[in-house]
1. Can you tell me how many residues within the range 206-230 are in a loop (DSSP other than H, G, I, E, B) and among the charged types (D, E, K, R)?
2. Which of (1) out of contact with any strand residue (DSSP E or B) (no Cβ under 6 Å at 6 or more places or on another chain); (2) at pLDDT 95 or above is the odd one out, the single condition Ala398 does not satisfy?
3. Is it the case, given these coordinates, that Glu277 is assigned by TED's automatic domain parsing to the domain that holds Phe235, modelled with pLDDT of 95 or more and surrounded by 18 or more Cβ atoms within 10 Å (Cβ to Cβ)?
4. How many residues are more than 18 Å from the chain's Cα centre (by Cα), assigned to a strand (DSSP E or B) and of a type outside the set (S, T, N, Q) when one looks only at the range 234-261?
5. Of the residues Ala280, Ala297, Ala355, Ala336, which single one is under 15 Å from the mean Cα position of the chain (by Cα) and among the aliphatic types (A, V, I, L, M)?
6. Please verify whether the range 347-356 includes one or more residues that are over 27 Å from Ile186 (Cβ atoms), of a type in the set (A, V, I, L, M, F, W, C), without any contact (Cβ under 8 Å) to a residue 60 or more places away in the chain and not assigned by TED's automatic domain parsing to the domain that holds Gly119.
7. Take the conditions basic (Lys, Arg), outside the structural domain of Ser106 (by TED's automatic domain parsing), at pLDDT 95 or above and not in a strand (DSSP E or B) and apply them to Lys308. Does it pass?
8. Has the range 205-222 got at least one residue that is without any contact (Cβ under 8 Å) to a residue 60 or more places away in the chain and on the phi > 0 side of the Ramachandran plot?
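The values are calculated or read from the model by the stated rules, or taken from the named source; none is laboratory data. Keep in mind that what you see is a predicted model, and the values were worked out from it rather than measured. Every residue, glycine as well, gets a Cβ built from its backbone with ideal geometry; the counts of neighbours run over all protein chains shown.
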Amino acid sequence: MLENKTISKYADVLLWGLQKARNKIYQPGDIVLIRADLPALDLANVLLQKLLTRGLNPVLRLNWPPSTEKTFFTYAQAEQLQFKVPGEKELYSRLNGLISLLAPSSLTHLQDVEPQKIGLFTLARKYLRDILEQRENKQEFGWTLCLYPTQELAKKANLSLEQYSQQIIQAVYLDRAQPVTKWEEIYLKSQKVKKWLNSLNIAQLHVQSPNVDLWISPGSKRKWIGVSGHNIPSFEIFLSPDYRHTQGTYFANQPSYKSGNLVKGVRLTFNQGKVVEAKAELGQDFVRKQISLDQGASCIGEFSLTDKRFSQINKFMANTLFDENYGGEFGNCHIALGASYADTYAGDPQELTPAKKKELGFNDSGLHWDLVNTEDKTVTAHLHSGQKLVIYAHGEFALDL
């Protein structure tokens, strides 16, 4: 668990992230939704207080406990899975901010539920995500999220609760007197990395490690983004590539929990942008069902790199938020199967209509699943000029910071 002083610092970092994610200054009367798991109520309460003192209008929504969520997915029929709650569209159409507090008390309670049922529920709620994306493109909305330590998370990560909590404290720099100051420093350094990457005019990226040999095409009208406040912590620098040109083999040596299922050793083979072969050491059937969720689920929506100089995360945390930001000895890269991010478009996001997304190769899907590789790797940029340049090796960007 976290001490009260640490929780207050955590809330300050989240509010910093929320503001960075939106850019447009929050004004009194703006609506901020706090969506929380029950074990994170202490943090939700502190956030509530800080939002109220700023004149904002907080709305609190508690996520279903595991037993309730399992009951729903066990008994709900197709019409109930796709039911749209009255008032949700109106709320999301007016939201200015969203803070998600993840504190799962179970990671496997849905493992016996048919993935298709969860997929149907996810797809039925995609319209809400689309609303928020449109508002974000207009700078009317920002979001951030974080992880709160629970016994279940610690158990699945093979750590004690104290060890797990300490990883969070280290990762978010909550052991510092002024963690927001440290985050501002990381933000400025990441700006330097993004400026450099965006100046390179990359035609293709070649990712090589002991088990990865993957070609990725950034595509036209793209930009690298990251450390934007959206996730706390977040050290990754990423883009949404032109999914149509992904080619080769990718291997996720980091385990992953998805919809109550643990998967290990996922190996994907891409040809002309799509997964043509999917294998896994554990959970292979689940992986194959996920990539058949919809047309875009077998294509990538994100490619990301994390510099170990930023991240103090050095243990598997059984949660994607931390695992995709792993630092350790060699940093990490990850791809995400499914939905792309509109904010990686190097133009006015409001121009990025569905037709424009299709033209530029931005992937669209109800799935977004991050799969992480922590092996020692080299990423070589093949520039449009014909030059080759190693941009990442041994866990670091090839740039002095």
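1. Residues flagged as in a loop (DSSP other than H, G, I, E, B) and among the charged types (D, E, K, R) within the range 206-230 amount to 2.
2. Looking at each condition in turn, Ala398 falls short on (1).
3. Details: assigned by TED's automatic domain parsing to the domain that holds Phe235: yes; modelled with pLDDT of 95 or more: yes; surrounded by 18 or more Cβ atoms within 10 Å (Cβ to Cβ): no.
Judged against the criteria, Glu277 is not a match.
4. Residues flagged as more than 18 Å from the chain's Cα centre (by Cα), assigned to a strand (DSSP E or B) and of a type outside the set (S, T, N, Q) within the range 234-261 amount to 3.
5. Working: Ala280 fails: under 15 Å from the mean Cα position of the chain (by Cα); Ala297 fails: under 15 Å from the mean Cα position of the chain (by Cα); Ala355 fails: under 15 Å from the mean Cα position of the chain (by Cα).
Of the residues listed, the single one that is under 15 Å from the mean Cα position of the chain (by Cα) and among the aliphatic types (A, V, I, L, M) is Ala336.
6. Taking the range 347-356 first, the residues over 27 Å from Ile186 (Cβ atoms) are 348, 350-356.
Okay, now just the ones that are also of a type in the set (A, V, I, L, M, F, W, C), so 352, 355.
In the following step, the residues that additionally are without any contact (Cβ under 8 Å) to a residue 60 or more places away in the chain were identified as 355.
Subset that is not assigned by TED's automatic domain parsing to the domain that holds Gly119: 355.
Among the residues of the range 347-356, at least one is over 27 Å from Ile186 (Cβ atoms), of a type in the set (A, V, I, L, M, F, W, C), without any contact (Cβ under 8 Å) to a residue 60 or more places away in the chain and not assigned by TED's automatic domain parsing to the domain that holds Gly119, which makes the answer yes.
7. It is true that Lys308 is basic (Lys, Arg), outside the structural domain of Ser106 (by TED's automatic domain parsing), at pLDDT 95 or above and not in a strand (DSSP E or B).
8. no
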